[in-house]
Structure formats: structure tokens, C-alpha cells
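*Asks:* Pasting a structure below so you can have a look.
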């Protein structure tokens, strides 16, 4: 089963390939055609973390070397708390030691943390070299690997340091999800549910109709392919209309405003990104109902679907609402001093507004 989803950006269009055993054909995809995405013979720096590389590094490396590339590796510590400038320095050091040139490329093999950091390093090394995204988590497959957002965290906030840098190729191999821990799979489902709420009502209803969506083994190939292709298509549709978040693309931040605050206050421990987004969607859904952006039954349907994925729905009890509000003021989405929220307009559509008051946020957090 293979699907190719184009991301038709004017200056650098690229493809998202969803293909079983795609990892074994990565090199062939890069090298194919009269104008290869990366010319065979060039140097590639494969960036991963030890756990992912132990499982899939040899396959990725073999695929690339068989296609004629010279490959070196850079392994970074796993976890959101290592998504820092010091980790970027390790990639720079490896790039320097490997004598990476402007025609070289970085290859990100891992989840969203690896993909974000590798993309940022590629955007800034020699003022920009190519990057190839090979996501190994559901969250990275449907969200982080597509759209060119790259970056690292600042101690005071998530992803405050970054750049837009589009990949040359996104290669998604669904079979690697077999080894993804259940908790990480559920985290990815939060982003899938997000697409259903803000863009694709049919996807939302497909998830509602599925017997179970909380573990890989319950999906089956057809449902998994639907989840991957429709989610990637939703992201591609939005990004192709608004590459650098001047307008429409901001709807992709649904659930992320409060979600990022929760992650930061938890010091990236105890709550992962998808879980934080789920919590943020529940809070945003409550605000949307109070302001009549959507109905109470629609809010309830979202809540039940998040619960069906066995994701958390409540703010961690150790976090104070005032601390969340303070952190929101430093968020990237603040404009003219107003926190901008994404509000669902029924199922399958969303808008961005800066008219949410402190009292309305506090009421949602309290609920």
C-alpha cells in the first residue's frame, strides 16, 4: 500500500510518501529521476536517538548507502527536555567533523523532537542545507514532519527558537509503528483528532465509528492508512495555502496554546506533547461552547473521542491556573498583547481569535 501526498509550495514543492517498508526504499526515493532530490555521492548526516537508531538505523543507513550516498550518524539524547540549543550544537559539531557541504543533507530518523532539531540545524548550517524527514512516531508522521516548522525550546517556553525550513522529502513507513510504545501512539492520536475537529469532519466521524483507536494493533491496515493519509493531506492543504502562518495555518495550533503551557510548566516530564494537546483541546472546546462557536453536543463528541483514545482530559492538579495564564503571555501566538486561541466552528472548521478574556480562560481551566 502506497500513497503520495504532494505539498505544492511555490518555491519548494515536495512529497509525503506513505509506504509499507518505505524505510528500505528511502535511498531510492532520494536518488530517483534525472534530477534527484539529493544527488547520489553526496554526504548525508543521519540524526536519530539511541533507541530509534538501534531499531531502524541499520535499515535506513543500508538503504542510503546502497543508493550511493556517504552516510555518517549523530545520536542525540531522547526526550523533549533535550530539545535545546546544546543538542543543536552536537549536530553542528557532527556536521563540521563530517565536512558537510551545501549540497549535503541531514536526515531525521525519529519522532518530533529529532525532526524539529534536525530541521533547525539544517536551516542554519551553512545558511541552509537540505533536510529529509523520516518520522518514526505517529505524532511526527501526521504533524511534525510536514510543513517546515523547526526549532528548539527555551527554558521559558516551547519552540520559541526556530525557523521555517521545508524538507525535500517526508518518508512515512507505517510498519515502524508496530514498535511504538502505546503511550506514544495515543499521543499521536491527539493530533489526528485535531485534524478531524478543525478540518476534516469525515476523519472525525471515521474515528468515532472505529471500535478502538487507542492502540496500533486495533486499527488494521485500512484504518491506519486512512488516518495517515487524511491527516497528512489536511496538513498539506493548510500549509500549501499558508506556509509561514500568516493566517490560515494558525488553526493547526488548536489545543496547543494551553497545551504548550502545560508542557512547559511540567518541565516536559509527566505529560508528553500529545497528552498536553488533548488537554488543551478540551479546554479550548469548553471556551468555544461558552462563546457559542459550537454546541455542547459537539464539545461532548470531542471529549468522548479524546477519552476513546485514552488521552488525559484534565489539567494536572499540581499546576495553578494563574501560572498557566502567565506563561500564555509569552507564547508565540500572542499578538498585540492578546493571546490568540483557535476556536472550533462546529466539527471540521476553525477560526483564530484574540478576543478570549482572562475570565473565560480561567473558567475553562477550572472546569
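The values are calculated or read from the model by the stated rules, or taken from the named source; none is laboratory data. What you are looking at is a predicted structure, and each value in this text was computed from that prediction instead of being measured. In this analysis, Cβ positions are derived from the backbone assuming ideal geometry, glycine residues included, and neighbour counts consider all displayed protein chains.
*Asks:* Does residue 161 satisfy being closer than 25 Å to residue 12 by Cβ, surrounded by fewer than 22 Cβ atoms within 10 Å (Cβ to Cβ), in the same structural domain as residue 81 (by TED's automatic domain parsing) and touching a residue at least 12 places away in the same chain (Cβ under 8 Å)?
*Replies:* Yes: the conditions hold for residue 161.
*Asks:* State whether one or more residues within the range 129-147 are over 22 Å from residue 35 (Cβ atoms), surrounded by fewer than 20 Cβ atoms within 10 Å (Cβ to Cβ) and touching a residue at least 12 places away in the same chain (Cβ under 8 Å).
*Replies:* no
*Asks:* Looking at 261, 236 in this structure, which one is more than 17 Å from residue 343 (Cα to Cα), part of a helix (DSSP H, G or I), touching a residue at least 40 places away in the same chain (Cβ under 8 Å) and out of contact with any helix residue (DSSP H, G or I) (no Cβ under 9 Å at 6 or more places or on another chain)?
*Replies:* 236
*Asks:* Another question, then. I'd like to verify a number: residues in the range 337-367 that are assigned to a loop (DSSP other than H, G, I, E, B) and out of contact with any strand residue (DSSP E or B) (no Cβ under 8 Å at 6 or more places or on another chain), how many?
*Replies:* Within the range 337-367, residues that are assigned to a loop (DSSP other than H, G, I, E, B) and out of contact with any strand residue (DSSP E or B) (no Cβ under 8 Å at 6 or more places or on another chain) number 7.
*Asks:* Within the range 57-96, can you find the residues that are under 22 Å from residue 157 (Cβ atoms), free of Cβ contacts under 8 Å to residues at least 40 places away in the same chain and in contact with a helix residue (DSSP H, G or I) (Cβ under 8 Å, 6 or more places away or on another chain)?
*Replies:* 77, 78, 82, listed by residue number.
To keep it simple, each residue is scored yes or no on (1) in a helix (DSSP H, G or I); (2) closer than 20 Å to residue 150 by Cα; (3) under 19 Å from the mean Cα position of the chain (by Cα).
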| position | (1), (2), (3) |
| --- | --- |
| 269 | no, no, yes |
| 277 | yes, yes, yes |
| 280 | yes, no, yes |
| 294 | no, no, no |
| 298 | yes, no, no |
| 312 | no, no, yes |
| 318 | no, no, no |
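*Asks:* Next question. Of all the strands (runs of 3 or more DSSP E) wholly in the range 1-115, which have at least 1 residues that are over 30 Å from residue 274 (Cα atoms)?
*Replies:* In the range 1-115, 43-48, 70-75 are the strands (runs of 3 or more DSSP E) which contain 1 or more residues that are over 30 Å from residue 274 (Cα atoms).
*Asks:* Whether any residue in the range 328-336 is assigned to a strand (DSSP E or B), out of contact with any strand residue (DSSP E or B) (no Cβ under 6 Å at 6 or more places or on another chain) and at pLDDT below 95 is what I want to check.
*Replies:* yes
*Asks:* Something else about it: Which one of the conditions (1) outside the structural domain of residue 22 (by TED's automatic domain parsing); (2) assigned to a helix (DSSP H, G or I); (3) more than 14 Å from the chain's Cα centre (by Cα) does residue 246 fail to meet, given that it meets all the rest?
*Replies:* Exception for residue 246: condition (2).
*Asks:* Tally up the residues in the range 224-233 that are free of Cβ contacts under 8 Å to residues at least 40 places away in the same chain and closer than 14 Å to residue 20 by Cα, please.
*Replies:* Qualifying residue count for the region: 1.
*Asks:* Pull out all pairs, ordered by first then second residue, where Cβ-Cβ is under 7 Å, the residues are six or more apart or on different chains, the first lies in the range 346-359 and is in the same structural domain as residue 257 (by TED's automatic domain parsing), and the second is loosely packed, with under 13 Cβ neighbours inside 10 Å and part of a strand (DSSP E or B).
*Replies:* Short answer, once both residue conditions are applied: 354/335.
*Asks:* If only one of 258, 306, 287, 279 is surrounded by 22 or more Cβ atoms within 10 Å (Cβ to Cβ), in the same structural domain as residue 194 (by TED's automatic domain parsing) and more than 30 Å from residue 78 (Cβ to Cβ), which one is it?
*Replies:* Of the residues listed, the single one that is surrounded by 22 or more Cβ atoms within 10 Å (Cβ to Cβ), in the same structural domain as residue 194 (by TED's automatic domain parsing) and more than 30 Å from residue 78 (Cβ to Cβ) is 287.
*Asks:* Working only within the range 117-149, note down all residues that are under 22 Å from residue 242 (Cα atoms), in a strand (DSSP E or B) and modelled with pLDDT of 95 or more.
*Replies:* 130, 131, 132, 133
*Asks:* Yes or no: the range 174-194 includes at least one residue that is touching a strand residue (DSSP E or B) at 6+ places or on another chain (Cβ under 7 Å), over 21 Å from residue 346 (Cβ atoms) and surrounded by 15 or more Cβ atoms within 10 Å (Cβ to Cβ).
*Replies:* Looking through the range 174-194, at least one residue is touching a strand residue (DSSP E or B) at 6+ places or on another chain (Cβ under 7 Å), over 21 Å from residue 346 (Cβ atoms) and surrounded by 15 or more Cβ atoms within 10 Å (Cβ to Cβ).
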